[in-house]
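Read-outs throughout are calculated quantities, based only on the coordinates presented, and are distinct from any laboratory measurement. Predicted, not measured: the structure shown is a model, and the values here were computed from it. Cβ: placed from backbone, ideal geometry, glycine included. Neighbour counts: every protein chain shown.
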Amino acid sequence: MVKRLSAPSLTVLLWAFSLVLFALSDKAQAADLSAALHVTPPALFIALALASAAIIYLLFNQRRQDKALGQLAELSEKLYLGQDLGQELSWQKTGAIEIDLIAATLTRIDDRLKQKRLKLQEVSQQIDEADEHRRTMNLELHHRVNNALAMMQGITNITARSATDIGEFRTNLSDRVQCLGAISTLLVKKSWTTTPLRELVEITLACCSPDLAERVDLGGEDLELRSEVTLALGMTLHELLSNAIRHGALANETGRVTLNWRIEKEEDGKKRLILLWREQNGPIVEPPSKSGVGQYLMQDVLTRQFGGDIAFLFPPQGFQATITAEI
């Protein structure tokens, strides 16, 4: 049973509907409807009021759902085009299970797409960095290959100029190329970065003869050489060893070689490597009447590569050389 409204409440409702009727209709029709309402039973009036409220609610809710569907369509199109939804999915539930479920799904899809975009950006950045590194390495490799070819050309020309026959040319060139190859292999193992000086000396000794290591005394602090210095300095040491084997302290059974090095700081703060080569207990040394091919190779070709100088002394007790190089 519907609870009967009090007189004041019913009067207020009647006046409210009357105002609505006056606003929506002409005065004559509104007056007739208003009079009819005053004689309408309260229960019927309440039923009409509830029905009207339900209709208004349904119309309002339908409008909100239609608007939500339009927004979902726009959001779906943006997702399809790969656009970022940004803050547009701060969704308020409409009450329709299907619409709210679609909105929640789109929210999850958008979150996943954002994560994918971030991952793609990271991968793209890594690819760009790798491409830049590859380009730098190609330029560096090109520079090093050109230096090696220039050195090879100088060694070949000097070897050919000093050879008396094709056999001597082949032997001397083969020895130098073999040493050049061994030093290049060492540089590759070190990724063409830096090379320990002591390891470079050991590789050079092995190129000439592994047995010579016992007759060469090494002394100096551990230090790393730049790749540009390593190649030329190694070839210089190879020339000194070859000369010692043919004419110097290593040409007999009693001679020895001492190789010491140290670092000196210059006035401008740069560091310079000083290597001292001394031979002793070998054949008596006499100053040469003219510069040999090895001397020319070291002084005019190799020193330019390692940015230094080399000076020779010929005391009777043993040949000496002082080598300076930039490090």
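What to note about this one:
- Residue exposure proxy: I263, I284, I183, I158, ordered by other Cβ atoms within 10 angstrom of their Cβ from fewest to most, comes out as I284, I263, I158, I183.
- Using the alpha-carbon positions of segment 171-326, Rg (one decimal) and Dmax (whole number) come out as 14.9, 45 Å.
- Ascending count of other beta-carbon atoms within 10 Å, so fewest first, for S289, S209, S191, S242: S289, S191, S209, S242
- Kirkwood Rh in Å, taken over segment 163-245 so that all alpha-carbon pairs contribute: 13.4
- Distance between the modelled labels on E286 and F312, one decimal in nanometres: 1.5 nm (7 Å Cα→Cβ projection).
- Full extension of the chain segment joining A130 with K189 gains 19.1 nm, where the gain is 0.36 nm per residue of separation less the Cα-Cα distance.
- Rg over Rh [alpha-carbon atoms, Kirkwood Rh] for segment 114-262: 1.17
- Stretching the chain fully between D175 and A150 yields a gain of 7.2 nm (0.36 nm per residue, less the alpha carbon separation).
- Length added when fully stretched, S209-M137, from 0.36 nm per residue minus Cα-Cα: 22.5 nm
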